[in-house]
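Participant: Structure incoming, see below.
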Amino acid sequence: MDLTLHTVIELLLGISLSAAAGFRVFVPLLALSAFSVLGHYDLPSNFDWIENQQALTLFAIATVLEIIGYSIPWFDHALDVLATPAAMIVGTIVAASVSPDMNPLIQWTLAIVAGGGTAGITKLFTNLLRGTSTAASGGLTNPIFAAIELVIATALSVLAFTVPALAGLLVIGLFGFGISRITQLVLRWRTRDRGASPAK
């Protein structure tokens, strides 16, 4: 029972960090490095490259640059082009780094599907919402949207290590909101297209 519960907790931890990568690529890596360097989480030996002071400094600098980049309207869309595949890669890495001991083939397959998939879906949601924000305000509200993304990424990363069950529930809730939002947009587009179609 303990092993099963431990496995579930680590899976929730990985999914939560992967979802955070969909909002900000370097925030979950920074959190993972910080928690491991401070001794609050022990990473497997093959992920020692994350668990050192140099990596922590590098991730901190990259996080600051990412925050600055996303605060600039229109430039944030250019960042999304690079951040989308990067988020999937980071989602895979963080999911693999916190996954329970298992066969490496299963570990990395699960990391790619659950971690990379979660990060990719989350990033798709944020890209669509950012596009909506740009269309509605000409990009003026994008810095506010970017700030909200940063708060969510930070909260998910911290909660993933402190209260993984709550972080997992938040991810599920965010997915539900994202699906609902996309459904509304699709229905709105269909209604607009029907209204624009010439009467026969």
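The values are calculated or read from the model by the stated rules, or taken from the named source; none is laboratory data. A quick note: this is a predicted structure, and the numbers were derived from the prediction, not measured. Cβ: placed from backbone, ideal geometry, glycine included. Neighbour counts: every protein chain shown. To get the accessible areas, we keep the full protein, side chains included, count just its heavy atoms, and leave off ligands, DNA and RNA. Shrake-Rupley method; radii C 1.70, N 1.55, O 1.52, S 1.80 Å.
Participant: Anything in the stretch 98-109 that is over 19 Å from Leu32 (Cα atoms) and either part of a helix (DSSP H, G or I) or among the β-branched types (Val, Ile, Thr) (or both)? List them, or say none.
Facilitator: Within the stretch 98-109, the first condition is being over 19 Å from Leu32 (Cα atoms), and the residues that meet it are 102-106, 109.
Of everything in the stretch 98-109, those that are over 19 Å from Leu32 (Cα atoms) and either part of a helix (DSSP H, G or I) or among the β-branched types (Val, Ile, Thr) (or both) turn out to be Pro104, Leu105, Ile106, Thr109.
Participant: Just to verify a result, which residue in the stretch 1-34, among those that are touching a Pro at 6+ places or on another chain (Cβ under 6 Å) and more than 14 Å from Ala111 (Cα to Cα), is modelled with the lowest pLDDT? Lay out the reasoning, then the answer.
Facilitator: Step one: of the stretch 1-34, the residues touching a Pro at 6+ places or on another chain (Cβ under 6 Å) are 7, 9-10, 12-13, 17, 20-21.
Filter again for more than 14 Å from Ala111 (Cα to Cα), leaving 9, 20.
Values: Ile9: 83, Ala20: 95.
Selected residue: Ile9.
Participant: As an exercise: evaluate Ile9 against (1) among the aliphatic types (A, V, I, L, M); (2) open to solvent by 20 Å² or more (accessible area, probe 1.4 Å); (3) farther than 21 Å from Met102 by Cβ; (4) not in a loop (DSSP other than H, G, I, E, B) and give the number of the one condition it does not meet.
Facilitator: Every listed condition holds for Ile9 apart from (3).
Participant: What is the residue count in the stretch 73-97 for residues that are open to solvent by less than 80 Å² (accessible area, probe 1.4 Å) and outside any helix (DSSP H, G or I)?
Facilitator: Residues flagged as open to solvent by less than 80 Å² (accessible area, probe 1.4 Å) and outside any helix (DSSP H, G or I) within the stretch 73-97 amount to 1.
Participant: Quick check: is even one residue across the stretch 145-165 hydroxyl-bearing (Ser, Thr, Tyr), crowded, with 18+ Cβ neighbours inside 10 Å and within 19 Å of the chain's Cα centre (by Cα)?
Facilitator: yes
Participant: Kindly evaluate Leu38 against the criterion of being surrounded by fewer than 24 Cβ atoms within 10 Å (Cβ to Cβ), among the hydrophobic types (A, V, I, L, M, F, W, C) and in contact (Cβ under 8 Å) with a residue 24 or more places away in the chain.
Facilitator: Working: surrounded by fewer than 24 Cβ atoms within 10 Å (Cβ to Cβ): yes; among the hydrophobic types (A, V, I, L, M, F, W, C): yes; in contact (Cβ under 8 Å) with a residue 24 or more places away in the chain: no.
Criteria not met by Leu38.
Participant: Among the residues of the stretch 47-67, count how many are part of a helix (DSSP H, G or I) and open to solvent by 90 Å² or more (accessible area, probe 1.4 Å). Show your work before the answer.
Facilitator: If we filter the stretch 47-67 for residues that are part of a helix (DSSP H, G or I), which is where we start, we get 47, 53-67.
When the remaining residues are screened for being open to solvent by 90 Å² or more (accessible area, probe 1.4 Å), the result is 53-54, 58, 61, 65.
Going through the stretch 47-67 one residue at a time, the tally reaches 5.
Participant: Restricted to the stretch 90-129, and to residues that are under 11 Å from the mean Cα position of the chain (by Cα) and aliphatic (A, V, I, L, M), which residue is farthest from Ile148 (Cα to Cα)?
Facilitator: Per the criteria, the residue is Val94.
Participant: Another question, then. Return the residue satisfying two criteria in turn: it lies in the stretch 179-200 and is at pLDDT below 75, in a helix (DSSP H, G or I) and among the charged types (D, E, K, R), and of such residues it is nearest to the chain's Cα centre (by Cα).
Facilitator: My answer is Arg181.
Participant: Can you pull out every residue in the stretch 52-93 that is of a type in the set (Phe, Trp, Tyr) and in contact (Cβ under 8 Å) with a residue 60 or more places away in the chain?
Facilitator: First, the residues of the stretch 52-93 that are of a type in the set (Phe, Trp, Tyr): 59, 70, 74-75.
The answer is Tyr70, Trp74.
Participant: What pairs can you find where one residue is in the stretch 151-162 and in contact (Cβ under 8 Å) with a residue 12 or more places away in the chain, the other is open to solvent by 40 Å² or more (accessible area, probe 1.4 Å) and outside any helix (DSSP H, G or I), and their Cβ atoms are less than 7 Å apart, with a gap of 6+ or different chains?
Facilitator: The qualifying pairs are Phe161/His40; Phe161/Tyr41.
Participant: Turning to a different aspect of this structure: Tell me which of these Gly168 doesn't satisfy, since it passes every other one: (1) farther than 22 Å from Asp80 by Cβ; (2) open to solvent by less than 90 Å² (accessible area, probe 1.4 Å); (3) modelled with pLDDT under 80.
Facilitator: (3) is the only condition that Gly168 fails.
Participant: Need pairs with beta-carbon distance below 8 Å; first residue over 18 Å from Arg24 (Cβ atoms) and polar (S, T, N, Q) and within the stretch 125-149, second open to solvent by 30 Å² or more (accessible area, probe 1.4 Å) and assigned to a helix (DSSP H, G or I); sequence gap 6+ or separate chains.
Facilitator: Thr134/His77
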